[in-house]
Amino acid sequence: MKKLITLLVLCSIIASFLLTSCSATTTSTSAKIIIATDATWKPFEYIDDQTKEIVGFDIDIMKAIAAKEGLNVKFTNVAWDPLLAGMAQGTYDVAISSITITEDRKKQMLFSDSYFAAGQIVVVRADNKDITGKDTLKGMVGVQLGTTGDIEVQKIKAATSKPYDDIGLAFQDLLNGQVNAVVCDNPVAVLYVGQNAGKLKLAGSAFTDESYGIAVAKGKTELLKQINAGLKAIKAEGVIEKASATWLK
Ligand code: ARG
């Protein structure tokens, strides 16, 4: 009898050990990957008024990649400036936020292959006859702080870059006459012009060639490989075209 009890106790100890070690491995392989995004950049990443969820082109792309690679992702809304700083410091694993791949940023974070091509474009009030594009920009120009638009405007002598945390506020100031123009990524500009028909217009065409990449914290090379593999697979399946049709009208 004593022997039987000892055996049972031993068995249950072994069983519980196996169970816990098993569940420990499952949690570690499906650990949550934190994806930072600055959800102020319609139609790529923004908060849906009704559902309060983060939605947009980038979100669909990232979710499709995560599904392909079995990544357990969680989106977190972070303002643009702290997003770049956080990626440089490894606060977040990944960021998808219409991030243009630049040499400077490559020193601070890893980038996936490109998933979208964009360029900077000038937006003015519909009655503006002086500013016809980048070369005629002058005075105060609204930009999002620390974006490639901000960097481009700073190169123009006649113009002064006025930085905003949210490009929506720059467009509001353009409508109010506080700034002469706004410079931002062309699909974002097209959206605001469309929403303010008769009040705003595009001035010229896109004047930079930029490629968006998914940023991955330095050192996370395995994660970068998975993201690139997932991106390649969803590209082949036409997911990017589908997201363009949904979000870029
Ligand atoms: N493509 C530009 C850049 O990388 C602007 C991106 C802004 N993105 C955002 N979610 N606010 O500088």
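Observations on the structure shown:
- Between VAL190 and ASN176, the contour length at 0.36 nm per residue exceeds the Cα-Cα span by 3.2 nm.
- Here ASP49 and ASN72 are evaluated by their C-beta separation; at R0 = 22 Å the FRET efficiency comes out at 0.20.
- For the chain, a crude dipole built from +1 on the beta carbon of Lys and Arg and -1 on the beta carbon of Asp and Glu, taken about the Cα centre, is about 660 debye to the nearest 20.
- Sites listed here are trypsin sites (Lys or Arg not before Pro) in region 61-134 whose DSSP assignment is loop and whose Cβ has at most 15 other Cβ atoms within 10 Å: LYS107, LYS129.
- Length gained on full extension, THR132 to GLU241: 36.1 nm, using 0.36 nm per residue less the C-alpha separation.
- In the calculated pair-distance distribution of region 80-200, the portion above 19 angstrom amounts to 48 percent of the Cα-Cα pairs.
- Between amide H atoms placed 1.01 Å from N, distances below 5 Å from ALA39 occur with VAL78, all of them 5 or more places distant or on a separate chain.
- Antiparallel beta bridges, as assigned by DSSP with both residues in the chain, represent about 60 percent of the total such bridges.
- The phi torsions of region 108-114, fed into the Karplus equation with coefficients 6.51, -1.76 and 1.60 and a -60° offset, translate into couplings of 10, 7, 8, 10, 6, 4, 6 Hz, rounded to whole numbers, with Gly and Pro shown as x.
- Positive dipole terminus of the chain, leading residue within LEU83, GLY194, THR147 (C-beta point charges): LEU83
- ³J(HN,Hα), Karplus 6.51/-1.76/1.60, whole Hz, each residue of region 200-216, x for Gly, Pro: 10, 8, 7, 10, x, 10, 4, 10, 10, 10, 10, 10, 7, x, 8, 8, 10
- The GNM of the chain, with springs linking C-alpha atoms under 10 angstrom apart, assigns the highest mean-square fluctuation among GLU222, GLU210, GLU45 to GLU222.
- Share of Cα-Cα pairs in the chain lying beyond 31 Å, as whole percent: 34 percent
- Per-residue Cβ neighbour counts within 10 Å put ASP58, ASP127, ASP93 in the sequence ASP127, ASP93, ASP58, beginning with the fewest.
Each value in this text was obtained by applying a stated rule to the coordinates, not by laboratory testing. Only a predicted model underlies this, so the values are computations on that prediction, with no experimental measurement involved. Using ideal geometry, Cβ is built from the backbone for each residue, glycine included, and neighbour counts are taken over all protein chains shown.
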